[in-house]
1. Quick one: D159 ticks every box in (1) in a loop (DSSP other than H, G, I, E, B); (2) under 30 Å from E28 (Cβ atoms); (3) open to solvent by 90 Å² or more (accessible area, probe 1.4 Å) except a single one, so which number is it?
2. Can you find even one residue in the range 72-86 that is closer than 27 Å to F123 by Cα, modelled with pLDDT under 75 and not in a helix (DSSP H, G or I)?
3. Looking at Q33 and the list (1) more than 30 Å from A119 (Cα to Cα); (2) without any contact (Cβ under 8 Å) to a residue 40 or more places away in the chain; (3) surrounded by 12 or more Cβ atoms within 10 Å (Cβ to Cβ), which single condition is not satisfied?
4. In the range 16-69, how many are of a type in the set (S, T, N, Q), assigned to a helix (DSSP H, G or I), within 17 Å of T5 (Cα to Cα) and modelled with pLDDT of 80 or more?
5. Go through (1) out of contact with any Asp or Glu (no Cβ under 6 Å at 6 or more places or on another chain); (2) surrounded by 12 or more Cβ atoms within 10 Å (Cβ to Cβ); (3) not charged (D, E, K, R) and name the single condition S188 misses.
6. Name every residue in the range 40-56 that is hydrophobic (A, V, I, L, M, F, W, C) and open to solvent by 80 Å² or more (accessible area, probe 1.4 Å), in order of residue number.
7. Anything in the range 165-182 that is modelled with pLDDT under 90 and part of a loop (DSSP other than H, G, I, E, B)? List them, or say none.
Amino acid sequence: RPELTAWLDKLATGVETDLSTTYKTMGEGCGMQFQLDYFKGLTKDFTIHPDRHVQADVSYLDLNNEYDRLMREDAAFANEMGNAGAQAADARDNAAFMKGFLDLWRTGTPAQKHLLGLACRGFFSWSFAQKQAPSQKDKLILVFRNARLASTIAETKDDKIWITYGAAHVPGVIEDLKKIDPKWRVVSVKWARVIANPEELR
């Protein structure tokens, strides 16, 4: 539903902009690959084996309904999310900065694009390593979705599953799984570098 997509885009960015387009353009400007492009490789397998693929995340409608519930029943959430003036100002500042960066990247020389890409990837690598301050929005974007994912995992009958989800969700999902069954535990963890210089720069 277009209105739900527009609502989520504004919730995530604070401005009227398509979320995927924003991320894709930002990725191109920073010399990175858009994360959703990864799923193109799964399309063929999904066509052949649809029973192997599960949409484990909540729908936009689920997210919208939970947002409305929190606005009604959670005063702290409603207070932070209702502070539209400050959020809109921050979003406009962020959008203006990003637009300026992308405009500079589009019109820059190859050498300038090279430097901008290095700076951008460095900034994101640094910023993602910083501890993020808790936000009331986490109740919607993390907590609500974590509970749904944990429930889906716990209900599966398969003994091996692959889940593609953001790293910020992992601690909460593990915690929710342990609430369902205390025997859940992490056996091993392996990390891959997700922000790195393109092959031609290595």
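1. Just one mismatch for D159, condition (2).
2. There is no residue in the range 72-86 that is closer than 27 Å to F123 by Cα, modelled with pLDDT under 75 and not in a helix (DSSP H, G or I).
3. It is condition (1) that Q33 fails.
4. 2
5. (2)
6. Those that are hydrophobic (A, V, I, L, M, F, W, C) and open to solvent by 80 Å² or more (accessible area, probe 1.4 Å): F46, I48, V54.
7. Y165, G166
Let's see how each residue does on (1) in a loop (DSSP other than H, G, I, E, B); (2) open to solvent by 70 Å² or more (accessible area, probe 1.4 Å); (3) modelled with pLDDT under 95; (4) among the aromatic types (F, W, Y):
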residue: F123; (1), (2), (3), (4): no, yes, yes, yes
residue: W126; (1), (2), (3), (4): no, yes, yes, yes
residue: I153; (1), (2), (3), (4): no, no, yes, no
residue: I163; (1), (2), (3), (4): yes, yes, yes, no
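The values are calculated or read from the model by the stated rules, or taken from the named source; none is laboratory data. In this text the structure is predicted, and so the values were computed from the model without any measurement. Heads up, the Cβs are rebuilt from the backbone with ideal geometry, glycines too, and the neighbour counts pull from every protein chain shown. Heavy atoms of the whole protein, side chains included, go into the accessibility calculation; ligands, DNA and RNA do not. Shrake-Rupley method; radii C 1.70, N 1.55, O 1.52, S 1.80 Å.
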